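Contents: one structure, followed by commentary.
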Amino acid sequence: MRYHSQRVAYPYFVVALLLFGLQMVFGLLSAAKYLGPDPLMGLLPFDVTKAIHTNLLLVWLLTAFMGAAYYLVPEESRVELHSVRLAYVQLAIWTAMGVTAVVGYVFRWTAGNKLLEQPFPLKVVIVIVMLMFLYNLGMTIRAGGRLTTTEGVLVGGLACTALLYLPALFEFDNYTVSVFYRWWTVHLWVEGVWEMIQGGLLAFLLIRLSGVDREVLEKWLYVIVGLTFISGILGTAHHYYWIGVPRYWLPIGGFFSALEPLVFLGMAMYAYYAIRRSGFAHPNRMALHWTIGSAIFSALGAGLLGLAHTWPAVNKWTHGTLITPMHGHMAFFGAYVMIVLGMITYALPGLTGRSEDSRETSANFWSFWLQISGMFGMTMAFAAAGITQTYLERILGLGYLDTQLKLQVHFLMLVVTGILFTAGVALFLWDFFFLAGRPVAVPEREGPAPARSPAV
Amino acid sequence: MTKRAARLFFFISTLVSALIFTILTIDSHRQFPKLTNAAAIDARVIAGKHVWHRENCTNCHTLLGEGAYYAPDLTKITAQRGAPYLREFLKDPSRFYSEARDGRLMPTLKLTDQEIDDVIAFLGWVSRVDTQGWPPRPILVKGSAVPGVATALGVPPEAAASQDPVELGRVVYNATPPGCAACHSVAPGVNIVGPTLAGIPATAAARIASPDYRGKARDAAGYIRESIVEPNAHVLVGPTYAAGGRSLMPGDYGETLKAEQIDQIVAYLLTLR
């Protein structure tokens, strides 16, 4: 850490990780309900726990993205943050919004639109917070007079995230049209501009952790982001197949979304190339674990498992089955959760003034492997359940409820592996809150910070 | 490749993709009115859509295959179950399903009669959206389409060539609409919502002979036909069959089915001895 103002990242990480922990509670509750019977049905029915589970994911990831950006931008632009106070105010409003949303869902205050359940007033608050955030970043970059490709891609992704949230503010009487534009936000976030954010963070971490030449990495970053949009923008069509759109979306969606794995393959190769050049030389080996893990797991979860059901002839049978959460869980974990945990693990020694190898605790190490195994197991449980459901319900024509009763053993696996994953999350939180230390005031250092990387 | 070339690749590919996407979006808007039957979106459908969102339905159910996977898909539910059944169901789901038997139960939403009618109107509109042939086979809430697995839409090639009324009747029976198979199984002892139709010729003959019989039919074929076009002619007592002395079966098959389709269904059901 070279700039005082980078410390605002710390409270952002605190909020993000607390919400991550809460997300696990609602995830486990939702999974247990699949086993039934549900003693909590009157108090917290499935629709509430599921909406809270997914909304917490979006909110905590965005909180962590913001924290990561506040850490990264001053370092890349070589200047203090424009306004630390604005960053704190922003965090306060954002957290209040998140908490209000969660409490609201419990009391059935919801817009009832999948992943965009936030009631309209809260949606407006989200837009305002995003504008404050982008203003702060923009003024910082302007003051520094230096915009690197890495931070440009990151900030570009965050700006587009705000822009693409705008369609969510409109309401359409025609349900088909409303679903059509819902995907402009949801799909173009997670399979478009969030990949820019992942790419930007990945590039930053690889430059710092491997010391590979920035010019080379940033050149390939452009290629990866270009591939993201070639496949991602027209790939939106894979959500359109069956909702009442013209037929031409089927071949378009099939072809372009089949290209989406190239992006993740690109990122995995990118990480492999960087690490092959330098090896595991950087002392913050846990940050390396999470970073490389993100590149590999996103290739599996977002790339391969997405490809598995994206072709129209396959999707016709799997659409609306448990195949979707199979892909969704591993994709979000690989692409976004792991890169964020990598960023937090990388930033912590600087924020707390400890040595670079201080993150190599057994808690962090076990957290990594428990999360990996838990997520792998959950993905397998969803896959087994989804394939069985597709076969029994969609192909043989067995009723939905009868089919679900035949999936009980997979739901049991889901709960067991979910508990493993949650144990991994708990260890990460334990490590962050009790072992990593508290942020310190650092003396201003001149010039590049040699301790932060083997070679910059 | 230089960094400059990579940047150019990024900007051009993004721009071209966004441009194509925009053009296709504009064209889709041109076609939405016809594909979604937009003229039928009246005040009740819109009010029903609000009920759908307000009650957070999409976080258990899927609609058009989108939503959560904890409860059945509702895209074609109005074609499968009909409004009389859905009205009673929404008033009290626990009358039709139990956690002990089915593993899941929908909470009672305490909707007003108006709200129930609105949400049924909304779901009825959704069921007529042109979904490009999805789902390829009916997605049933409960029970089984086996035996007699048939395609949902149109007549399978082998049956199209057939002129056998029994075979054609089997196809109509398993298609949605009319969705007979969604409520009536043809397996003995399996009562999904309506009674099983296994052994219906003998059952029908016994019912006509019974002193309780209120209809006008004189033989099994006549009884089956009467039950299809006029479900209230003779109402059976059963946990999920009727409410307030009225059958929960849709009463409009006399209008929505062609005369020869009814003949075919009757011919098919007469074979279930």
Say we join alpha carbon atoms closer than 10 Å with springs in a Gaussian network model of chain B; which of B:Glu260, B:Glu99, B:Glu55 then has the biggest fluctuation?
-> B:Glu99
What are the DSSP H helices in chain A that stretch 20 Å or more along their long axis, judged by alpha-carbon atoms, and whose average Kyte-Doolittle hydropathy comes to at least 0.5?
-> A:9-35, A:46-77, A:84-106, A:120-144, A:149-165, A:194-210, A:214-235, A:338-352, A:362-389, A:408-430
Estimated dipole of region A:216-326 in Debye, rounded to 20 [Cβ of Lys and Arg +1, of Asp and Glu -1, Cα centre] = 160 debye
A:Arg85 paired with B:Ile20, simple spin-label distance in nm, labels 7 Å along Cα-to-beta-carbon | 5.1 nm
Which of B:Glu88, B:Glu226, B:Glu255 fluctuates most in a GNM of chain B (C-alpha springs under 10 Å)? That residue is B:Glu255
Förster-model FRET efficiency, 60 Å R0, A:Glu360 and B:Phe11, C-beta, rounded to 0.05 | 0.90
The protein assembly as shown: equivalent-ellipsoid semi-axes (sqrt of 5 x gyration tensor eigenvalues, Cα, Å) | 54, 25, 22
Expected vector for region B:229-241, Karplus 3J(HN,Hα) from phi with 6.51, -1.76, 1.60 and θ = phi - 60°, integer Hz, x for Gly and Pro, equals 8, 9, x, 8, 4, 9, 9, 7, 8, x, x, 10, 8
How high is the relative contact order of chain A, given as a whole-number percent (alpha carbon pairs under 8 Å, six or more residues apart)?
-> 17 percent
Suppose every K and R has +1 on its Cβ and every D and E has -1 on its Cβ; what is the size of the dipole of region B:33-127 about the Cα centre, in Debye to the nearest 20?
-> 120 debye
Hey, what's the Cα Rg ratio for region B:33-127 versus the globular rule of thumb, 2.2 N^0.38 Å?
-> 1.07
Computed over chain B, the relative contact order (Cα-Cα under 8 Å, seq sep at least six) in percent reads 17 percent
Net charge of Cβ neighbours under 12 Å - reference A:Phe432; Lys, Arg +1; Asp, Glu -1 = +1
For region A:239-331 the trypsin sites (Lys or Arg not before Pro) that pass both the DSSP coil test and the at-most-14 other-Cβ-within-10 Å test are A:Arg247
Add -39500 (n - 2.57) for each DSSP H run of 4 or more in the protein assembly as shown, then divide by its residues: what number comes out at 222 nm, to the nearest 500 deg cm²/dmol?
-> -20000 deg cm²/dmol
Mind listing the phi-derived Karplus ³J(HN,Hα) values for region B:120-133, rounded to whole Hz, using 6.51, -1.76 and 1.60 with θ = phi - 60°, and x for any glycine or proline?
-> 5, 4, 4, 5, x, 5, 4, 5, 9, 5, 6, 9, 6, x
Interchain or sequence-distant (5+) residues whose placed amide H lies within less than 5 Å of the amide H of B:Asp73 are B:Thr62
Note, ³J(HN,Hα) from phi for region B:244-252, Karplus 6.51, -1.76, 1.60, rounded to Hz, x at Gly and Pro | x, x, 10, 5, 8, 6, x, x, 10
Taking the Cβ of A:Ser231 as the centre, find all other residues whose Cβ is under 9 Å away and add up their charges (Lys, Arg: +1; Asp, Glu: -1).
-> -2
Taking the alpha carbon gyration tensor of chain B, what are the square roots of 5 times its eigenvalues, largest first, to the nearest whole Å?
-> 42, 24, 17
Which lysines have a Cα lying under 30 Å from the Cα of B:Lys49, excluding residues fewer than 8 positions away in the same chain?
-> A:Lys33, A:Lys50, A:Lys114, A:Lys123, A:Lys316, B:Lys34, B:Lys76, B:Lys91, B:Lys110, B:Lys142
Measure off 7 Å from each Cα along the Cα-to-Cβ vector at A:Val415 and A:His4, then give the distance between these two points in nanometres to one decimal.
-> 5.3 nm
Using a 10 angstrom cutoff on alpha carbons, build the Gaussian network for chain B and name the most mobile of B:Thr22, B:Thr36, B:Thr196.
-> B:Thr22
Student exercise, chain B dipole from Lys, Arg, Asp, Glu Cβ charges, in Debye to nearest 20 = 700 debye
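Every read-out reported here was derived from the displayed coordinates using simple, explicitly stated rules and does not represent laboratory data. Only a predicted model underlies this, so the values are computations on that prediction, with no experimental measurement involved. Because the Cβ atoms are built from the backbone with ideal geometry, glycine has one as well, and the counts that use them run over all protein chains shown.
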